[in-house]
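Below you'll find the structure, written out as structure tokens, and then a few comments.
The values are calculated or read from the model by the stated rules, or taken from the named source; none is laboratory data. Being a predicted model, the structure only gives us computed values, none of them experimental. Because the Cβ atoms are built from the backbone with ideal geometry, glycine has one as well, and the counts that use them run over all protein chains shown. The accessibility values were calculated without ligands, DNA or RNA, using every heavy atom of the protein model including side chains. Shrake-Rupley method; radii C 1.70, N 1.55, O 1.52, S 1.80 Å.
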Amino acid sequence: MGAMKSKVVEKSVQYFKEGLYCSEAILKAFNEEYNLGLNDEFMRIATGFGAGLGASKCLCGSLTGGVMVLSVVKGRKSADESEAPSFESAAKLHDEFRREFNATCCRVLTRPVEWGTPEHHQYCVQFVEKATELTEEILSEGIQVKKNLAI
């Protein structure tokens, strides 16, 4: 197998296997590993993104979980702030995820397996892993940029 998985990837997969939706698992793992400061009440925001937006099987919850993380870190607090850091990060995550799997739609991604089966849940681990890895890569790029600007 390839490189070792980071702690946040391991936690995302663990929480997903324990029954959290992909969106919830990713946000929870990043909240813990990156000290995002989200309390349990705020974490509830991720629930509606599970199973492709409220079980509609549309946009993959792993992707939306990653976008929530990026938005917490790079999002704006008022209209006079630029949305560019958040938009650019979210677009990069979307594009890289789509490049990897040729789709972002939960229905399309899970077509090879029967919905709701243990095989379906196991099949989705790859999406949780990849979305978490990509989100972590995007965040680390941002940190490097900030460090370079501070020098």
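What to note about this one:
- Qualifying residue in the range 130-140 (condition: open to solvent by 60 Å² or more (accessible area, probe 1.4 Å), at pLDDT 95 or above and part of a helix (DSSP H, G or I)): yes
- Count of the range 91-130 residues, restricted to those that are closer than 20 Å to Met4 by Cα and either of a type in the set (Gly, Ala, Ser) or touching a residue at least 60 places away in the same chain (Cβ under 8 Å) (or both), is 6.
- Test result for Phe30, at pLDDT below 95 and of a type in the set (Phe, Trp, Tyr): no
- Residue match in the range 34-55 (condition: under 14 Å from the mean Cα position of the chain (by Cα), open to solvent by 60 Å² or more (accessible area, probe 1.4 Å) and among the aromatic types (Phe, Trp, Tyr)): yes
- Verdict on Val67 being at pLDDT 95 or above, touching a helix residue (DSSP H, G or I) at 6+ places or on another chain (Cβ under 8 Å) and within 18 Å of Glu141 (Cα to Cα): yes
- Set Ser56, Ser23, Ser82: member being at pLDDT below 95 and of a type in the set (Ser, Thr, Tyr): Ser56
- The listed residue being in contact (Cβ under 8 Å) with a residue 24 or more places away in the chain, under 18 Å from Trp115 (Cα atoms) and among the small types (Gly, Ala, Ser), out of Gly19, Gly54, Gly50, Gly65: Gly50
- Per the listing Lys17, Lys11, Lys7, Lys28, the residue uniquely under 22 Å from Ile138 (Cα atoms) and surrounded by fewer than 15 Cβ atoms within 10 Å (Cβ to Cβ) is Lys7.
- Annotation: Trp115 fulfils all but one of (1) closer than 22 Å to Leu20 by Cα; (2) assigned to a helix (DSSP H, G or I); (3) open to solvent by 20 Å² or more (accessible area, probe 1.4 Å); the unmet one is (2).
- Count of the range 48-98 residues which are more than 23 Å from His121 (Cβ to Cβ) and part of a helix (DSSP H, G or I): 17
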